[in-house]
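Have a look at the structure below before the remarks.
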There are 2 protein chains.
Amino acid sequence: MSAERPSEDRLVASFARLASAGRRRPRGVVAGVGDDCAVVRGDGEDLLLTTDALVEHRHFEREWFSGHALGWRAAAVNLSDIAAMGGRPRYALVSLFVPDGEDLAYVTRIEKGIADHLARHGAAIVGGNVSGTEGPLAVDVVLVGACARKAAWMRAARAGDAILVIGELGNAAAGLALLREGRSAPPRLVRAYLRPAPRLDVSELLEGERAVRAAIDVSDGLSTDLIRMCRAGRVGCDVEAAKLPLSRALEAFCIARGEDPVAWALRGGDDYALVLGVAPAAAPAVRARVERRLGVSAVVVGRFTASAGTYRLLGEDGGHTPIQPTGWDHLR
Amino acid sequence: MSAERPSEDRLVASFARLASAGRRRPRGVVAGVGDDCAVVRGDGEDLLLTTDALVEHRHFEREWFSGHALGWRAAAVNLSDIAAMGGRPRYALVSLFVPDGEDLAYVTRIEKGIADHLARHGAAIVGGNVSGTEGPLAVDVVLVGACARKAAWMRAARAGDAILVIGELGNAAAGLALLREGRSAPPRLVRAYLRPAPRLDVSELLEGERAVRAAIDVSDGLSTDLIRMCRAGRVGCDVEAAKLPLSRALEAFCIARGEDPVAWALRGGDDYALVLGVAPAAAPAVRARVERRLGVSAVVVGRFTASAGTYRLLGEDGGHTPIQPTGWDHLR
């Protein structure tokens, strides 16, 4: 369940109230509104349900994307939600909102991009809907995944657990800034935005690993998403600024602008890194296993604390500053 | 899987090609693109997946609908797809596309309308997404249902089976015409459009009834949807014009305009009547059971034939005319 701006948060809150409002729930709803996916109990395994949409001029500009690349990204943002629950993707439904006079070849390539990305992870489009619209092009993907019964990684963090960040932070936000400015840009940063890699390799590798006790994917910035984990678990967090995983490309980008890469790492969304809450004794082994087996950056950046509502960024000088949820900062 | 206009049919056809294009299917896909719902095999029962969207100025004008009524209808069109597969609805995801400056109270009432209609049938919203848009308001509902293993009612009709229509035809199209013209209108016709009743009572009553061998819900007009059943089953159909279930309100509407109610019954969509293909020996008993138990019109209007591609409307004079798929005729 996600929203982009304060006014839309109201609508999500309204969904959450409706979903929990004493009305008879259908059997099998384990978790509804308020995590990366809804979780419903199947006969054997649990099902994961998620949906995310890309709207032209709001989430993308088509001069940045071929049709295939846009479809690839539309699949990625949903695949990442399944990864963040520790699940495996299975089935997708795709709703297309197609403007009058649209280039249908472009839209067909979107479909192909979605199908190709799903196929890479063993999933497929099984249905969908095509609507005309007077508005912008929009692509809405619903993804159904599965995980072992009661094994879904929920958002709620536990005090004392290590905060393990898998993947780099801030690259995609820098890439997006460069795209907006129309600059010739370091390919790594731009690619991080255009073609994010959902970390299904992580959910597959760590399936059944009981030390993983919470997870989220970083779609809206580490600060926002970390605070979501804390709020869900009624805990706080301490993050060491010096440990945040920053790429050299991001550091060069920030030096050229006189900006602070830590701010980009905290605020930048769209990287689809994973944040795991890991039992502290097991964290070093889990970290090493991910890095060795998957060749991806995996860093313990701090820990969840018992101080609910206190979110601290620790500096190298021993001081600290509060972490703020910075909200959504994609296109506007 | 549905589309509204020829150009959009191309996109649906493209989905269908992608879904069947030799790529590795995830395990458990029983039926993908091309029926009212996708069917995937669960561990115990089968899951049904469907999605349908309502776009402002394309599928509705908001002066016709309170927010709650619009949400009710958005749920109805998806609930009807589950009814048409003989299933029970369970879980919904709702994607909202909210224009800048939208009246959020209106949108909150849409959410409530969806939740209330789902709750009536034992289903609930478990997740969703809220996106801003520069375009019109749009509501995209995904519904997950279930049915007994291998018991889903598919579209494909069998030659020789009776065509059983449950519910009246043409009322909603007449109601929509009256709304467009801004006339004070017979409540029954307008209500048929604004507040269609998904026939989940029928799928519940006939669960496990093996004489039911095919089904579709009439969203785009009997002629269009009947031809979909015929094409899926590679059969033809003979329909007796005199047997089509017409309301007195529709007849009065047609007399006042000098129009043919049979044409309205064949072409008019949005009624969400069900069409079942029923084993001929069992059809009278099934028909009587539905009418007696549910108090809804249930009429055998003809039969599916072995003449694939031949769709005939039989007149009372013994003559016949071809039935054409008339396509989508909602708002434009």
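Listed values, structure above:
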| quantity | calculated |
| --- | --- |
| Hits in region A:83-107 - residues which are under 25 Å from residue A:269 (Cα atoms) and touching a Lys or Arg at 6+ places or on another chain (Cβ under 7 Å) | A:83 |
| Residues satisfying the stated conditions in region B:159-175, i.e. under 16 Å from the mean Cα position of the chain (by Cα) and assigned to a helix (DSSP H, G or I) | B:171, B:172, B:173 |
| Residues of region B:79-91 satisfying the condition of being within 9 Å of chain A (Cβ to nearest Cβ) and out of contact with any Gly (no Cβ under 7 Å at 6 or more places or on another chain) | B:91 |
| Residues being on the phi > 0 side of the Ramachandran plot and buried (at least 17 other Cβ atoms within 10 Å of the Cβ) - total across region A:162-204 | 2 |
| Failed condition for residue A:76, given (1) more than 7 Å from every other protein chain (Cβ to nearest Cβ); (2) modelled with pLDDT of 85 or more; (3) surrounded by fewer than 19 Cβ atoms within 10 Å (Cβ to Cβ) | (3) |
| Checklist (1) part of a helix (DSSP H, G or I); (2) within 23 Å of the chain's Cα centre (by Cα) applied to residue A:284, failing item | (2) |
| Candidates B:167, B:160 - the one that is out of contact with any helix residue (DSSP H, G or I) (no Cβ under 9 Å at 6 or more places or on another chain) and either hydroxyl-bearing (Ser, Thr, Tyr) or in contact (Cβ under 8 Å) with a residue 40 or more places away in the chain (or both) | B:160 |
| Any chance residue A:72 is part of a loop (DSSP other than H, G, I, E, B), touching a residue at least 40 places away in the same chain (Cβ under 8 Å) and among the aromatic types (Phe, Trp, Tyr) | no |
| Conditions (1) over 30 Å from residue A:39 (Cβ atoms); (2) within 13 Å of another protein chain (Cβ to nearest Cβ): number failed by residue B:186 | (2) |
| Which numbered condition residue B:98 misses (of (1) part of a helix (DSSP H, G or I); (2) over 23 Å from residue B:274 (Cβ atoms); (3) touching a strand residue (DSSP E or B) at 6+ places or on another chain (Cβ under 8 Å)) | (1) |
| Some residue of region A:312-322 being touching a residue at least 12 places away in the same chain (Cβ under 8 Å), at negative phi and in a loop (DSSP other than H, G, I, E, B) | yes |
| Residue under evaluation residue A:213, criteria (1) assigned to a strand (DSSP E or B); (2) not aliphatic (A, V, I, L, M); (3) not assigned by TED's automatic domain parsing to the domain that holds residue A:276, criterion not met | (3) |
| Search result, residues across region A:299-309 that are in contact with a Gly (Cβ under 8 Å, 6 or more places away or on another chain) and modelled with pLDDT of 95 or more | A:303, A:304, A:305, A:306, A:307, A:308 |
| Of all residues making up region B:103-120, the number that are more than 8 Å from chain A (Cβ to nearest Cβ), of a type outside the set (Lys, Arg) and surrounded by fewer than 23 Cβ atoms within 10 Å (Cβ to Cβ) | 4 |
| Where residue B:125 falls short, out of the listed (1) surrounded by 24 or more Cβ atoms within 10 Å (Cβ to Cβ); (2) aliphatic (A, V, I, L, M); (3) at the interface with another protein chain (Cβ under 10 Å from one of its Cβ atoms); (4) in a helix (DSSP H, G or I) | (4) |
| Checklist (1) over 21 Å from residue A:157 (Cβ atoms); (2) assigned to a helix (DSSP H, G or I) applied to residue A:290, failing item | (1) |
| Matching entry among A:185, A:197 (being outside any helix (DSSP H, G or I) and at pLDDT 90 or above) | A:197 |
| Filter result for the condition that a residue is surrounded by 24 or more Cβ atoms within 10 Å (Cβ to Cβ), more than 10 Å from every other protein chain (Cβ to nearest Cβ) and hydrophobic (A, V, I, L, M, F, W, C), over A:148, A:138, A:157 | A:157 |
| Residue within region B:80-94 that is within 30 Å of residue B:209 (Cα to Cα), assigned to a helix (DSSP H, G or I), of a type in the set (Ser, Thr, Tyr) and not assigned by TED's automatic domain parsing to the domain that holds residue B:206 present | yes |
| Qualifying residues in region B:43-57 (those that are at the interface with another protein chain (Cβ under 7 Å from one of its Cβ atoms) and modelled with pLDDT of 90 or more) - the one nearest to residue A:42 (Cα to Cα) | B:49 |
| Restricting region B:40-59 to residues that are surrounded by fewer than 23 Cβ atoms within 10 Å (Cβ to Cβ) and outside any strand (DSSP E or B), the residue that is nearest to the chain's Cα centre (by Cα) | B:58 |
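For every residue, the table says whether it meets (1) surrounded by 21 or more Cβ atoms within 10 Å (Cβ to Cβ); (2) of a type outside the set (Phe, Trp, Tyr).
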{"position": "B:234", "(1), (2)": "no, yes"}
{"position": "B:253", "(1), (2)": "yes, no"}
{"position": "B:264", "(1), (2)": "yes, no"}
{"position": "B:276", "(1), (2)": "yes, yes"}
{"position": "B:279", "(1), (2)": "no, yes"}
{"position": "B:284", "(1), (2)": "no, yes"}
{"position": "B:294", "(1), (2)": "no, yes"}
{"position": "B:297", "(1), (2)": "no, yes"}
{"position": "B:324", "(1), (2)": "no, yes"}
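Yes/no per residue for (1) farther than 30 Å from residue B:185 by Cβ; (2) touching a strand residue (DSSP E or B) at 6+ places or on another chain (Cβ under 9 Å):
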| site | (1), (2) |
| --- | --- |
| B:221 | no, no |
| B:241 | no, yes |
| B:258 | no, no |
| B:295 | no, no |
| B:299 | no, yes |
| B:304 | yes, yes |
| B:308 | yes, yes |
| B:325 | no, yes |
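The values are calculated or read from the model by the stated rules, or taken from the named source; none is laboratory data. Values in this document were obtained by computation on a predicted structure and should not be read as measured data. Neighbour counts are summed over all protein chains in view; Cβ atoms, including those assigned to glycine, are modelled from backbone coordinates with ideal geometry.
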